[in-house]
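First the structure, which I've put down as structure tokens, then a few questions once you've had a look.
All of the numbers you see were taken from the coordinates with simple rules; none came from a lab. Since the structure is predicted, the reported quantities are computational estimates derived from the model, not experimental observations. Don't worry about glycine lacking a Cβ; one is built from the backbone with ideal geometry, like all the others, and counts go over all protein chains shown.
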Amino acid sequence: MSDIDWFLLGLALAIAAIGVVEIYSTTLHSPLAGQHKRQIYWILLSCVLALVASRLDYHMVLEQTPWLYGGSVLLLAGLLVAGHSIAGTRRWLQLGPMSFQVSEIVKLIIILVVAAYFADRRTKAVTWGDLVKLGIFAGIPAVLVALEPDLGTALTFIPIVAAGVLFAGIRFQHIAVLCLAGILALPVGWHFLRPYQRERLMTFVHPRQNTQTSSYQVTQTKIAIGSGGFWGKGLGNGTQSRLGFIPVSHADSIFAAFAEEQGFVGTLLVLLLYFALLLRLLDGAQMAPDRAGAFLLIGLAAVLFFQVVLNTGMMIGVLPITGVPLPLMSQGGSSLLCTFLGLGLAMSVRARRYVN
Amino acid sequence: MEVRFPSDERPPAWKVAFLQYVIAASFLVLLVGYWRLQIGQHRLYLDLAERNRIRNLPVIAPRGRILDRDGRVLADNFPAFSVQLMRESVADLSPERVAGIARGLQLDPEELRGTLQRTASLPRFQPVLLKQAATLEDISFVESHRVEYPELELIQVQQRLYPKQQVAAALLGYVGEIPEEMIAKLGSSYRPGDVVGKFGVEAQYNRILSGRDGMRRVVVNSRGQEVGLLSTINALPGNDLRLTIDLDLQMAAEASLGDQAGAVVALDPRTGEVLVMVSHPSFDPNDFAKRIDPKEWNELMSDPMKPLMNKSIQAQLAPGSVFKIVMAAAVLETGTVTPDYIVNCAGAVTIYGHLYHDWVFGKRPVHGAVNIHKAIRESCDVFFYTMGKMLGIDKIVYFARGLGLGARTGIDLPSEAPGLIPSPEWVQRVFKHKWYAGETISVAIGQGSVAVTPVQVAHTIGGVAMGGVFRQPHVAFQDQLRALGEDPPDISPRAFPLSEDTIAALKSGMWAVVNEGGGTGGAARCPEIEISGKTGTAQVVSQTLEQSAKSSEYKSTAWFVGYAPTDKPEIVVAALVIRGEHSAVAVPIARDVIKAYFDKKLGPKPPDNQMETQARVLSQLRPAIPPKQLQPASNGY
């Protein structure tokens, strides 16, 4: 049992527990009351699966990557064709009584793809061929997810590939060309955005306009966070979340509700927990027995880092609003399960570390 | 396996370190961001959060009622809703939103924009009144668009109701949204949208009538729905105000004047209490209580007969022969002539080389030998032309002003007009020429530039009937004002020295007007009631023009002022009919009011009038009580 990274698991459980408390507080006396119990069940299930994953040899999992990848792409395509729509999006796979967000597991599979790809690439730097291949591997599911539409999750594939490429080694010319291409692609991308997505971006650029919709959201989350002050208003006393001024205060906006009730002290605590979690993952990457393990951990750290910064950043208006949940804290089983599965694999890598 | 995942190469340490720094730097930026919001701008955001969830809803205080002297309701309230804009709930009102609200509430978008601009500088927590007297459609619009327009709120208000509609409208006045210049006044506690009295009693006693609005601090959710109550400051209702008006007499006067344009004022000459104040054509003040629509307003404003004018105190017209009482008082008091001084009236007289006609000229037999009694009774112009010449303008002015004409009576109503008694100084000042002697002759019969208001006429004749003691007319009871903490105006009686002989001659003349054969006011005669009075027919243009032009615009003004009982007057009534053509149309109006007064006083007591019954019983049981206190029961006039 000493092989299990209790520290990593403890950090994850601590964050998840804080999430449960906040979900309880913000949904109390609302139609969503009781959501925290479902969250606890998901945490318990995820925890068990993470422990199981930590006992697996991650190499074995990586070998299944082609099958997993092919299956997930087919599933995403199938969802788009046949999936039933919830609130205008086709993100959910219905499994008996449970519904599951496929894009969350695809996130994990992209990590595996990148790790498997670089595991046997020993060149000093990636070639154009590598970039194109990876671009296609990640691009196909990304486009499918974006079509659901779920741009936020599609965006999370980018840091996974980017972190992988960075660690595999990349020439500065390549970076420059990619950046240029990205800038040139912006107008094209703008063309494909949906009206509400454009509005969110415009709101980020010009926060004073559009007060009633997306900038209204930012204004309200900022009011929630700012009014929390140093010590916070106390559990269950967050007027902004309780009176419905913050949309989805139990899910994507949970951090605003948390910051309102627990103040800067709470904010600092949770950000420190995330920081420790990420450093622990990077620490594991450095001690990984092989490139595959290292890339797996780096991919996982990259995606978690990206989501945490994006989510907490958009709450205070320093980043544009995208529908990205806060990993481990936001209510929602799919995200929770996949994050814990990833952490399980991370523990599996750490268990096989070099010990001098 | 080992081939696919070779373990010989580990990620370079600098890259891991680089990533660690990136993460650390990002978290530091985040922490700084949260620090600035939660520590730096905590106060600001706490304030915003409070405003988000707390709404200060005004609780509108009902306005005090206006009652007649017997407590019957002249102005009341009924509950209604107004639509208010809670500007805290919305950061910015885009033009589309404003247009949407205007559409939903059926408001003029331009007007709504104007309202918003005017109120832009007010504190955001103050609601802005968008629509008074919300209709059912407005209410359902607000209720069904809580999500789209959370900034709209329905507030229960007390809408003014005038149950008698057009009755005494000019006296009562009307209420409306407070004008901006009143808000701008230093120390004003009013807010835009507040309802204040704008005219008549409503304006004069606004301080008494208006209460103090309360406030409800409520918690609302993001959809503007109330979810809790924090505190309530109760509204302080305004005080009821009892007027000296007697609704029974008022109704009689309204009915008697009917469709004719004019005014009726009845005073109690013993106290100055206004019993009746009618001004026709009238208007319905209920239309002002809700926002009056522009078309109706324009109609009222462009009506040549000026319905919004209180003619009782604002119509300035030549008194015609009513002025002869002033002339008679002047000649007798100055000793210019004795009561038996005779002037021979041949239907016209030449003075200063100009021929002055008597009103009988060409219509009736001439007056012949006329003394002052007959001159008053038959309203002989030639007699008073002669008196005018003998007196001179200065003495006429002195007595006219002394008896209360050409100056505001000081009645407790806004915008009283002063009228005018022309004098040489006035002509010099205004027209820059010397006084023409001929003008004195016109003034002598109440023509020329002489202008008086109905209330002045009633006040003057009432004072003469009381033996030279003039009581200031007023519509609110002094002791009531004092009880309500208001400083009542000084209404102590004013005496003008007139000898008893003069008074007797004037009163006997006015008695003859009604009760002797040949009197011009014979139509006022009334069984059981001894009425005295004086008629007046004032030309508005020269007689020739009046006869040639058929247009009613040039018809003469008809006056009658009467009082009763002759010995100890209790009521004096001035009736004015504009374009009445002849004083005969005004006489019955005054008579009707006087008759109504005595019918009420002497007739079968209404069962609720216990005070008077008690008084009568008391007077029979205890004759020691001075009869003055038992006035209502005394029949001795």
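For every helix of n ≥ 4 consecutive DSSP H residues, a contribution of -39,500 (n - 2.57) applies; sum these over chain A, divide by its total residues, and give [θ] at 222 nm rounded to the nearest 500 deg cm²/dmol.
On the way: 15 runs with 249 residues, N = 356.
Estimated from H runs of four or more residues: -23500 deg cm²/dmol.
Using the Kirkwood radius built from alpha carbon pairs, what does the Stokes-Einstein equation give as D for the range B:106-180 at 20 °C and 1.002 mPa s, in µm² per second?
Using the Kirkwood radius from Cα pairs, D works out to 142 µm²/s.
For a quick protection proxy, order the peptides B:532-538, B:25-31, A:181-187 by their average other-Cβ count within 10 Å, most packed first.
B:532-538, B:25-31, A:181-187
What is the dipole size for the protein assembly as shown, taken about its Cα centre, with +1 at each Lys and Arg Cβ and -1 at each Asp and Glu Cβ, in debye to the nearest 20? Can you show the working numbers first?
Details: 90 positive and 84 negative charges, 385 e Å.
Approximately 1860 debye in magnitude.
Based on the inverse mean of 1/r over its pairs of different Cα atoms, what is the Kirkwood hydrodynamic radius of the range B:54-242, in Å?
17.7
Treat the count of other C-beta atoms within 10 Å as a stand-in for reagent exposure and order B:Val331, A:Val324 from fewest to most.
The most exposed by this proxy come first: A:Val324, B:Val331.
May I pose another question? Relative contact order of the range B:54-242: what whole-number percent is it, with Cα pairs under 8 angstrom and at least 6 residues apart? Please list the in-between numbers first.
On the way: 366 pairs, mean separation 65.1, N = 189.
For the range B:54-242, the relative contact order is 34 percent.
Kindly express, to the nearest 10 degrees and within the range 0 to 90, the angle between helix B:393-402's C-alpha long axis and the longest C-alpha principal axis of chain B.
60
Here is a follow-up. Go through the range A:1-86 and name the trypsin sites (Lys or Arg not before Pro) that are in a DSSP coil and have 13 or fewer other Cβ atoms within 10 Å of their Cβ. Can you show the working numbers first?
Values: sites: A:Lys37, A:Arg38, A:Arg55; in loops: none.
Loop-located and lightly packed - none at all.
Filter the trypsin sites (Lys or Arg not before Pro) in the range B:410-451 down to the DSSP loop ones having no more than 13 other Cβ atoms within 10 Å, then list what survives. All intermediate terms of the calculation are to be shown ahead of the outcome.
Details: sites: B:Arg429, B:Lys432, B:Lys434; in loops: B:Lys432, B:Lys434.
Listed in order of number, the matching sites are B:Lys432, B:Lys434.
Toward the positive end of the charge dipole of chain B, about the Cα centre and with charges on Cβ (Lys, Arg +1; Asp, Glu -1), which of B:Thr557, B:Gly522, B:Val83 goes farthest?
After comparing all options, I get B:Val83.
Then there is this: Can you tell me how much longer the chain between B:Glu528 and B:Glu181 gets when fully stretched, taken as 0.36 nm per residue apart minus their C-alpha distance, in nm with one decimal?
Answer, rounded to one decimal: 119.5 nm.
In whole Å, what are the Cα extents of the protein assembly as shown along the three principal axes, biggest one first?
Rounded to whole Å, the extents work out to 151, 67, 47 Å.
Can you give the extra length, in nm with one decimal, that the chain gains between A:Ile158 and A:Val265 once fully stretched, where that is 0.36 nm per residue apart less the Cα-Cα distance?
Extra length available between A:Ile158 and A:Val265 comes to 35.3 nm.
What does the structure give for A:283-294 when I average, per residue, the other chain Cβ atoms found within 10 Å of the residue Cβ?
4
Could you bin all the Cα-Cα distances of chain B into 20 Å bins starting at 0 and give me the percent of pairs in each, rounded to whole numbers?
17, 38, 24, 12, 4, 3, 2, 0
A further question follows. Just counting partner chain Cβ atoms within 10 Å, what average do the residues of peptide B:40-48 show around their Cβ?
5
Could you work out how far apart the two model spin labels at B:Leu122 and B:Thr135 are, taking each label as a point 7 Å from the Cα in the direction of the beta carbon, and quote it in nm?
2.4
Which of B:Ser94, B:Ser282 has the fewest other C-beta atoms within 10 Å, and how do the rest follow up to the most?
B:Ser94, B:Ser282
If you find the alpha carbon centre of the range B:109-145 and of the range A:254-313, how far apart are they in angstrom?
Centre-to-centre (Cα) distance: 49 Å.
Identify the residues of the range B:37-70 with backbone N under 18 Å of a label point that sits 7 angstrom from the Cα of A:Phe230 along the Cα-to-Cβ direction, or state none.
B:37-47
Please compute, for peptide A:222-235, the average count of beta-carbon atoms on other protein chains lying within 10 Å of each residue's beta-carbon.
6
Take the alpha-carbon centre of the range A:1-65, take the same for the range A:133-199, and report the distance between them in whole Å.
29
Of B:Lys389/B:Lys507; B:Lys324/B:Lys363; B:Lys198/B:Lys534; B:Lys290/B:Lys600; B:Lys311/B:Lys568, which ones are farther than 26 Å apart at the Cα?
B:Lys198/B:Lys534; B:Lys290/B:Lys600; B:Lys311/B:Lys568
With each run of n ≥ 4 DSSP H residues scored as -39500 (n - 2.57), what mean residue ellipticity at 222 nm is computed for chain B after dividing by its residue count and rounding to the nearest 500 deg cm²/dmol?
One gets -10500 deg cm²/dmol as the mean residue ellipticity at 222 nm.
Give the angle, between 0 and 90 degrees and rounded to the nearest 10, that separates the Cα long axis of helix B:500-515 from the longest principal axis of the Cα atoms of chain B.
90
Packing-wise, with mean Cβ within 10 Å as the measure, how do A:122-128, A:105-111 rank, highest first?
The densest-packed peptide leads the list: A:105-111, A:122-128.
Treat every Asp and Glu Cβ in the range B:54-242 as -1 and every Lys and Arg Cβ as +1, leave all other atoms uncharged, and give the resulting dipole magnitude about the Cα centre to the nearest 20 debye. Mind showing how you got there, number by number?
Working: 24 positive and 23 negative charges, 122 e Å.
In total the dipole reaches around 580 debye.
Give the separation of the Cα centroids, the range B:246-269 to the range B:421-481, in Å.
22
Same structure, new question: Any idea what the relative contact order of the range B:259-408 is, in percent, if you count C-alpha pairs under 8 Å spaced at least 6 apart?
Contact order relative to length: 18 percent.
In degrees from 0 to 90, rounded to the nearest 10, what is the angle of the helix B:109-118 Cα long axis to the longest principal axis of chain B?
The two axes meet at around 90 degrees.
Are there any trypsin sites (Lys or Arg not before Pro) in the range B:106-201 that are in a DSSP loop and have at most 10 other Cβ atoms within 10 Å? List them by number.
Counting only loop positions with at most 10 other Cβ atoms within 10 Å, the trypsin sites (Lys or Arg not before Pro) in the range B:106-201 are B:Lys185.
So if we plug the beta-carbon distance of B:His145 and B:Leu236 into 1/(1 + (r/R0)^6) with R0 = 35 Å, what FRET efficiency do we get, rounded to 0.05?
Efficiency, rounded to the nearest 0.05: 0.60.
Obtain the nm distance between the two label points defined at A:Leu44 and B:Lys432 by a simple spin-label model: each point lies 7 Å from its Cα along the Cα-to-C-beta direction.
10.6
Another question, if that's okay. Within chain A, which whole H helices from DSSP have a Cα span along their axis of at least 27 Å and a mean Kyte-Doolittle hydropathy of 1.0 or more, if any?
Details: long enough: A:6-27 (31 Å, 1.75); A:35-55 (30 Å, 0.56); A:172-192 (29 Å, 1.57); A:254-286 (37 Å, 1.39); A:291-315 (36 Å, 1.68).
Span-like helices here: A:6-27, A:172-192, A:254-286, A:291-315.
Along Cα→Cβ, 7 Å out, is where each label goes; now give me the distance between the ones at A:Val81 and B:Asn298 in nm to one decimal.
6.9
Per Stokes-Einstein, at 4 °C and 1.567 mPa s, what whole-number D in µm² s⁻¹ belongs to chain A, with the Kirkwood radius over Cα pairs as the hydrodynamic radius?
Working: Rh = 21.1 Å.
So the translational diffusion coefficient is about 62 µm²/s.
So, one more: Along the charge dipole of the protein assembly as shown, which of A:Ile225, B:Gly392, B:Gln316 sits closest to the positive end, that is, farthest toward it, with unit charges on the beta carbon of Lys, Arg, Asp and Glu (+1, +1, -1, -1)?
A:Ile225
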